[in-house]
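Asks: Attaching a single structure in structure tokens format; questions to follow.
The values are calculated or read from the model by the stated rules, or taken from the named source; none is laboratory data. Being a predicted model, the structure only gives us computed values, none of them experimental. Heads up, the Cβs are rebuilt from the backbone with ideal geometry, glycines too, and the neighbour counts pull from every protein chain shown.
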Amino acid sequence: MKALVYEGPRRVAVKDVPDARIERSTDVLVRITSTNICGSDLHMYEGRTDMQPGRVLGHENLGEVVEVGDGVDQVQVGDMVVMPFNVACGFCENCEQGLTAFCLLSNPDPKIGGAAFGFADMGPYQGGQAELLRVPYGDFNCLKLPEDARDVRKQRDYVMLADIFPTGWHATQLACVQPGDNVVIYGGGPVGQMAALSCKIKTTAQTMIVDRHPDRLALAEKVGAIPINDAECDPVERVMELTNGKGADRGCECIGYQAHDPQGHEDPSMALNRLVNSVRFAGTIGVVGVYVPQDPGGANDLAKQGKVGFDFGMFWFKGQTMGTGQCNVKNYNRRLLDLISAGKAKPSYIVSHELPLTEAPNAYQHFDSREPGWTKVILHPDGGGSNPSV
């Protein structure tokens, strides 16, 4: 099968690799029709992780079931399905509590809770930027889609259920966002956009989004968010102005450890500390931006150890609460699917490009460079998506 293979920092290639296949009775084999490039893929693409050369990337995947193992009961050949980026068993202690991002059985490394498709340190599972994907624990990990999912135009919305829509929702859940809240989101990339969309669904009073890319800020306005360009103003001061000096009730961190200032200087603590100063006394913060235990490419010795210079004194003094961690996609994807099906949510507004899998290396380069207009890329391993943009 054709698949996008990681070869080293900023080097990926579409190659012939052995076909994905059923390996256990509970597996499902999916022919991938839509798969996204995620900002998390760029951590590996840039060589900021220990991703092994030869691995297939891709954890935001949708397609048609073409084979099922003997132990699969609910999923059938011909079903259109979308998979969480988490690979979870569904029956360990954490999965029973809905904490599927921290499954205790899916990762063979006993020191790591949780697994994912095509991701460094998250188990041996290949990614879905390929023609075929093996899905372990298929009955649990495959979410069946309505019949309209066969339409590639509708897949633009449904494929967002694999990661970024639930992750944006998760940010607002961790931050305890309620109707009428004032919310500030740091990071206007795809996850930040989905957090803003989630705030719209939850009917917040104000949603402010901090970024410096004009195309991202313009997208945020589409869902009613107030854009704050941190290259033009102090974002903390602007949040205070918009909240009459009180600060936001809730804050969402959707950037992660590669946060940097407008001049390009990397500082993994920047967004976290700005959130502490932007959020009111006794407010809540949700952090879904990726942070890692070790970062050999970090900007300083502290960052290389996966540590940040966090302003804990002010955080404690203000009595704030913070929730963190990867999204438990299964906790949210079915309800978010219903919102899409009912026309209440259309996350595809962020899609800028749909391309065949053969164009993936160029797409990674453009997306990694943060070129204007490259906000979200969908790849079609079946050869669809020949139009350069949506």
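Asks: What number of residues within the stretch 336-358 are in contact (Cβ under 8 Å) with a residue 40 or more places away in the chain, over 18 Å from residue 12 (Cβ atoms) and not hydroxyl-bearing (Ser, Thr, Tyr)?
Replies: Number of matching residues: 11.
Asks: I would also like to ask the following. Cβ-Cβ distance below 6 Å, separation of 6 or more or different chains: which pairs start in the stretch 359-372 with a residue that is crowded, with 21+ Cβ neighbours inside 10 Å and end on one that is assigned to a helix (DSSP H, G or I)?
Replies: 364/45
Asks: A further question on this structure: Could you tell me whether any residue of the stretch 140-156 is of a type outside the set (Ser, Thr, Tyr), out of contact with any Ser or Thr (no Cβ under 7 Å at 6 or more places or on another chain) and farther than 30 Å from residue 359 by Cβ?
Replies: Yes, some residue in the stretch 140-156 is of a type outside the set (Ser, Thr, Tyr), out of contact with any Ser or Thr (no Cβ under 7 Å at 6 or more places or on another chain) and farther than 30 Å from residue 359 by Cβ.
Asks: Go through the stretch 316-329 and report how many residues are touching a helix residue (DSSP H, G or I) at 6+ places or on another chain (Cβ under 8 Å) and under 28 Å from residue 165 (Cα atoms).
Replies: Total satisfying the criteria: 9.
Asks: Does residue 203 count as free of Cβ contacts under 8 Å to residues at least 60 places away in the same chain and more than 22 Å from the chain's Cα centre (by Cα)?
Replies: It is true that residue 203 is free of Cβ contacts under 8 Å to residues at least 60 places away in the same chain and more than 22 Å from the chain's Cα centre (by Cα).
Asks: Could you tell me which residue of the stretch 87-129 is surrounded by the fewest Cβ atoms within 10 Å (Cβ to Cβ), considering only residues that are touching a residue at least 60 places away in the same chain (Cβ under 8 Å) and aromatic (Phe, Trp, Tyr)?
Replies: 102
Asks: Moving on. Just to be sure before I move on: is residue 295 under 22 Å from residue 190 (Cβ atoms) and assigned by TED's automatic domain parsing to the domain that holds residue 269 in the structure I sent?
Replies: yes
Asks: A follow-up question, please. Is there a residue in the stretch 266-279 that is at negative phi and in a strand (DSSP E or B)?
Replies: yes
Asks: Tally the residues that are surrounded by fewer than 22 Cβ atoms within 10 Å (Cβ to Cβ) and under 17 Å from residue 365 (Cα atoms), restricting the search to the stretch 45-55.
Replies: Of the residues in the stretch 45-55, 3 are surrounded by fewer than 22 Cβ atoms within 10 Å (Cβ to Cβ) and under 17 Å from residue 365 (Cα atoms).
Asks: Quick test for you: out of 344, 330, 318, pick the one residue that is modelled with pLDDT of 95 or more and in contact with a Cys (Cβ under 9 Å, 6 or more places away or on another chain).
Replies: 330
Asks: Would you please name the residue that is surrounded by the fewest Cβ atoms within 10 Å (Cβ to Cβ), looking only at residues in the stretch 242-265 that are modelled with pLDDT of 95 or more and part of a strand (DSSP E or B)?
Replies: The residue in question is 249.
Asks: Give me a count of the residues in the stretch 67-78 that are of a type outside the set (Gly, Ala, Ser) and either surrounded by 21 or more Cβ atoms within 10 Å (Cβ to Cβ) or touching a helix residue (DSSP H, G or I) at 6+ places or on another chain (Cβ under 8 Å) (or both).
Replies: 5
Asks: When residue 152 is evaluated against the numbered criteria (1) surrounded by fewer than 24 Cβ atoms within 10 Å (Cβ to Cβ); (2) assigned by TED's automatic domain parsing to the domain that holds residue 285, which criterion, by number, is the only one it fails?
Replies: With (1) surrounded by fewer than 24 Cβ atoms within 10 Å (Cβ to Cβ); (2) assigned by TED's automatic domain parsing to the domain that holds residue 285 applied to residue 152, the lone miss is (2).
Asks: Right, residue 326: free of Cβ contacts under 8 Å to residues at least 12 places away in the same chain and under 18 Å from residue 187 (Cβ atoms) or not?
Replies: No.
Asks: Also: Taking residue 172, is it of a type in the set (Ser, Thr, Tyr), out of contact with any strand residue (DSSP E or B) (no Cβ under 8 Å at 6 or more places or on another chain) and buried (at least 24 other Cβ atoms within 10 Å of the Cβ)?
Replies: No, not satisfied.
Asks: If you don't mind, another one. Can we say residue 283 is outside any loop (DSSP other than H, G, I, E, B) and touching a strand residue (DSSP E or B) at 6+ places or on another chain (Cβ under 6 Å)?
Replies: Answer is yes for this residue.
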